[in-house]
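The structure appears below as structure tokens.
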Amino acid sequence: MLDPKLDCVAVLDFGGQYAHLIANRVRALGVYCVVMAPEDFRAGADAPAGLILSGGPQSVTDEHVRLMRARLAGYGNPILGICFGHQLLAKLHGGRLVHGSERQYGPTPIRCDPAAELFLGLPTEQTVWMSHGDHVAELPPRFRATATAPNCAVAAFEADLRPIFGVQFHPEVVHTPHGNAILKNFLATCRIRTPWAPDGMRRRVVEQTRAAAGDATLFLLVSGGVDSLVALQVCIEAVGPGRVRSLHVDTGLMRLGESDDILKFLAAEGFRNIEIERAETRFLRELAGVADPEQKRAIIGRLFVEVLRDKLRALNLGDNWKLVQGTIYPDTIESGGTKNAAKIKTHHNRVPEIQAMIDRGLVVEPLRDLYKDEVRLLGRELGLPQPLLDRHPFPGPGLGIRLLCHDGSRPPSPCGMGESGWELPPTVFTSFQPDSPTAQGRGGLQSLRGRILPVKSVGVQGDERSYRHPAVVWSPDGRWPVWPELNALANRLVNELADINRVVVSLENLTDVEFALRETFVERAGLDRLRQVDARLQRRLAGIPEIWQAPVIALPLFDAAGDQAFVLRPVCSRDAMTADVYPIDFGLLAELARETRAVPGAGALFYDVTTKPPGTIEWE
Ligand code: XMP
């Protein structure tokens, strides 16, 4: 809600993955900021001091232009358009857009004009994070480009006569290094007279939780991850330990020894009233024969609710209880939980059964507006021990979405690659000119080879879900480019090959290695193999502080000896909204590949070199 005492900036939410993040960043810069639906915006005497139009999954339509023409009439304060918002502002003022011809996802170099207001004091050349399929092809009259990128002549613009700015990239994500400074420069044009300081997060979250709880007993599903434990601590502080009950469900989809470790840990930390339900048989029975990732997510989410209901009945808690979930903001936005947002994947705490309970006011979500880094900060304020707060995130559906399945149907036929079948034409490597090739790297790049794999994974491209193939790249002569060049190559492959949304590398020479797709479902034997590989790899990666999370994924692909292929995906992130690839030492990677093969039935190890976007952190 607008606070009349404060100068405010409003973010109009067109459904972008980062709309809420923009508001967070603005607030962190000391300016009061609200998110609102575009239809709710009114120009007028009490209009915000500045306006930011967010990204969004759609292309700009005449309908958007009509809506904003009406809404912005008479509004003279500064406006910043981001991605979709940038395109919308350009079209609104008479520019021309082009759909889908030049796509850019992830890191992109730009050249900007340091005399332009948005880029004052910043380096001319910088890297920004992009995620778009459409772009501005022609600027409106009296607008000028203030930044350009390869394949994107208008990476930013400003209007000559009015404070109207646009950026095709995302200044709000942590992976745009100068993004905060760009937002700060925009805020400087808004003439904010009343600086804003956030309330203590702990007080706000605890009070909101107490109010939402009323006099009900709070019932929590505790996975043992950071979110659920911080939510538990918030509840205890809000209503006292006597009114908080919790349940850990061992779904059979946990990592090696994880449920037991969690219970031991919680007992040692003095958490009481936690029960455990061993539900492996139930989960595996319902997942039998299911291959589709969204279907698996739906089943797992539904089973959590069923187990919970059974438990509540057994405990005889009566009707006066509410379910507490450790939902954080990325879960909501990726599940399509804001008005214009696309569904990327249904997080386990947003399945229809839970949604029905939310609609009936039976669910309390203390962390629903927070990002992972904020949850960790809150946890620290609440006095939770640091090792617990530093644990890597682990998704609610667990290994159920890290074991990729195949229903045994015929493998898909090669798409879009013409004569060469699944092989990437060598020209994609030989024609690649990195921006600043090093002598060491140049040779390595040219001799690489690649192939599209016949499996699919989820990505997020231009704020929309994608479900496409990964490409695997290897070096027949064992020479590899240096990391920045490998990153640039992966980025370019995804931008240019419409059928893929990820790139993985294999240290093994795959020239003569064939992988066959085999019927694979979520079953005990496959889970055990994944658990073994995961445990070995996590042990070796523990203690590398740059790694934020390192999912290990089992593929339904088997080599001639019948050994299964795995993927390792260590990412560097802060809030899970964007992620970069951890540039692993190839010596260590070779050791990890050997560790993988040491597990019976495990074969090749691929290393995921895809940023988010275009790939999500998890594969499903
Ligand atoms: P993605 O894969 O969408 O994931 O980039 C972002 C973060 O969310 C975690 N994740 C989940 N967490 N329930 C959760 O509690 C889920 O259903 C779920 N799916 C993904 C993921 O591990 C990453 O940290």
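The values are calculated or read from the model by the stated rules, or taken from the named source; none is laboratory data. Everything numeric in this text was worked out from a predicted model, so none of it was measured. Positions of Cβ are backbone-derived with ideal geometry, glycine not excepted, and every protein chain shown enters the neighbour counts. We work out accessible area using only protein heavy atoms, side chains counted, and drop any ligands, DNA or RNA first. Shrake-Rupley method; radii C 1.70, N 1.55, O 1.52, S 1.80 Å.
Computed from the Cα positions only, the extents of segment 201-398 along the three principal axes stand at 45, 41, 37 Å, in decreasing order. Using 18 Å as the Cα-Cα cut-off, could you pick out the over-long pairs in Lys311/Lys345; Lys296/Lys456; Lys339/Lys372? Checking Cα-Cα distances, Lys311/Lys345; Lys339/Lys372 exceed 18 Å.
Backbone geometry of segment 274-287 corresponds, through the Karplus equation with coefficients 6.51, -1.76 and 1.60 at θ = phi - 60°, to 3J(HN,Hα) couplings of 10, 10, 10, 10, 8, 10, 3, 4, 4, 5, 5, 4, 6, 8 Hz, x marking Gly and Pro.
Highest mean packing comes first when the peptides 563-569, 109-115 are listed by Cβ atoms within 10 Å, giving 563-569, 109-115.
When the helices of the chain are scored as -39500 (n - 2.57) per DSSP H run of n ≥ 4 and the total is divided over every residue, the value at 222 nm lands at -9500 deg cm²/dmol. In a simple Cβ point-charge model (Lys, Arg +1; Asp, Glu -1; nothing else charged), the chain has a dipole of about 840 debye relative to its Cα centre.
Each residue of segment 556-571 was assigned a 3J(HN,Hα) from its phi angle through the Karplus expression (A = 6.51, B = -1.76, C = 1.60, θ = phi - 60°), giving x, 10, 10, 7, 4, 7, x, 8, 8, 8, 10, 10, 10, 10, x, 10 Hz with x at Gly and Pro. Evaluated with a Cβ-only charge set (Lys, Arg +1; Asp, Glu -1), segment 201-398 carries a dipole of roughly 240 debye about its Cα centre, given to the nearest 20. With all protein chains kept in place, the per residue accessible area of the chain amounts to 39 square angstrom at a probe of 1.4 angstrom. Once the Cα-Cα distance is subtracted from the 0.36 nm per residue extended length, the Asp319 to Ala45 segment shows a gain of 93.8 nm. Only protein heavy atoms count here; under a 1.4 Å probe, His64 has an accessible surface of about 20 Å². Near Gln126, the amide H atoms lying under 5 Å from its own belong to Ile110, Cys112; only residues 5 or more places off or on other chains count, and H is placed 1.01 Å from N. Residues whose amide H falls under 5 Å from that of Trp321, counting only those 5 or more places apart or on a different chain, are Thr217, with hydrogens built in the peptide plane. Could you please state how large a percent of the accessible area of the chain is carbon and sulfur, counting protein chains only and using a 1.4 Å probe? Carbon plus sulfur share of accessible area: 50 percent. In this structure, the amide hydrogen of Leu220, modeled 1.01 Å from its nitrogen in the peptide plane, lies closer than 5 angstrom to those of Arg245, Ser246, Leu247, Val324, counting only residues at least 5 positions away or on a different chain. In segment 427-608, taking the dipole from charged Cβ atoms about the Cα centre, the farthest positive-side position among Ile553, Ala498, Gln433 is held by Ile553. For segment 490-496, the Karplus equation 6.51 cos²θ - 1.76 cosθ + 1.60, evaluated at θ = phi - 60°, returns couplings of 4, 4, 5, 4, 5, 5, 9 Hz by residue, with Gly and Pro reported as x.
Ranked by the mean number of other Cβ atoms within 10 Å per residue, highest first, peptides 367-380, 279-292 order as 367-380, 279-292.
Segment 8-189 has equivalent-ellipsoid semi-axes of 22, 19, 16 Å, by the square roots of 5 times the alpha carbon gyration tensor eigenvalues, sorted largest first. Ordered from longest to shortest, the equivalent ellipsoid semi-axes for segment 427-608 are 25, 19, 18 Å, each the square root of 5 times a Cα gyration tensor eigenvalue. Spatially, segment 257-307 and segment 69-92 are offset by 46 Å when compared through their Cα centroids.
Computed over the Cα atoms of the chain, pair by distinct pair, the Kirkwood hydrodynamic radius stands at 25.6 angstrom.
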